[in-house]
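Reading through the structure tokens given below for one structure.
Here, each number is a calculation from the coordinates, and none is a lab measurement. These numbers were taken from a predicted model, which means no experiment stands behind them. Backbone-built Cβ (ideal geometry, glycine too); neighbour counts: all protein chains shown.
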Amino acid sequence: MRKSMLSNPALVVKDLSVNFRDNHSTIHALENISFNVQAREFVCFLGPSGSGKTTLLRVIANLIQPTSGAVEFTFDHQPKIGMVFQQPNLMAWRSVLENIKLPLELENVDKDIANQKANELIQLVGLKGFENSLPRDLSGGMAQRVGIARALIHDPDLLLLDEPFASLDAITRERMWMELSNICQAKQKTVVMVTHSINESLFLADRVLVLTQRPGKIKLDVEVNLPRPRQEEMRYTNQFGELAKKLRSAIE
């Protein structure tokens, strides 16, 4: 376990439940979810469709209010949260540079500072040379890199990822695992990500939490003791295979 995980938790979720009601019925999305996330820890939530993974992420981002329970941050300031969705949702008329620096423009950050920060992130996510490209000229993987850079531009305390690579082809998706792993290591961010992919969760995370079918409850909490930086060859080791078998058994 890394030293950073021995510190006080950055995020504490206590007895969280979420119900959605309409005129005819109630959907119990999440039930009594409790967990901590340490500073600079990468936590993945894994589970079947309908297990409440995205709902959980949206509660943490304060986009949805829980029915009961609490989400607490231990920062000494109002935490900044960056979120990357399944689709990058880029503005079609804005270039790569302009899309990335948009959050700083909304905060009225000095133009030169915004450009500098955006260019630094363009270098980090491997988009050097595409600063002036429009979204229509980007591949799916490149567009998602823009989305990740945009989420990082205001130096968030917590980065939330909602299946960001789900729409990509298999080869691009696996390449993006490596890119995201390197980016998060470089920026030393606290990350919570949801995914359907066992391999994705093991390649990226320090811990994987498995949710049950609706209502989502935590069925398993597994520490991923695989060395960093993560390499492609690691996926073919016995240790990786045993962890994957354990997660698959929990899901099934």
**OP:** Let me see the pair-distance distribution of segment 81-156: every alpha carbon pair, 5 Å bin width, integer percents in order.
**Re:** 3, 19, 32, 27, 15, 3, 0
Original post:
Which GluC sites (Glu not before Pro) does segment 102-169 hold that lie in a coil by DSSP with at most 16 other beta carbons within 10 Å?
Top reply: GLU107, GLU131
Original post:
At 222 nm, what helix-only mean residue ellipticity would the chain give, in deg cm²/dmol to the nearest 500, using -39500 (n - 2.57) for each DSSP H run of four or more?
Top reply: -10000 deg cm²/dmol
Original post:
Scanning the chain for trypsin sites (Lys or Arg not before Pro) in DSSP loops with at most 13 other Cβ atoms within 10 Å, what's the longest stretch left with none?
Top reply: 129-252
Subject >> Value in Å of the Kirkwood radius, where the chain supplies the Cα pairs that are averaged >> reply: 18.9 Å
Original post:
In percent, what relative contact order does segment 136-252 have, based on Cα pairs under 8 Å that are 6 or more apart in sequence?
Top reply: 22 percent
Subject >> Entries in LYS14/LYS53; LYS187/LYS219; LYS101/LYS128; LYS80/LYS189 that, when Cα-Cα distance is taken, lie over 22 Å >> reply: LYS187/LYS219
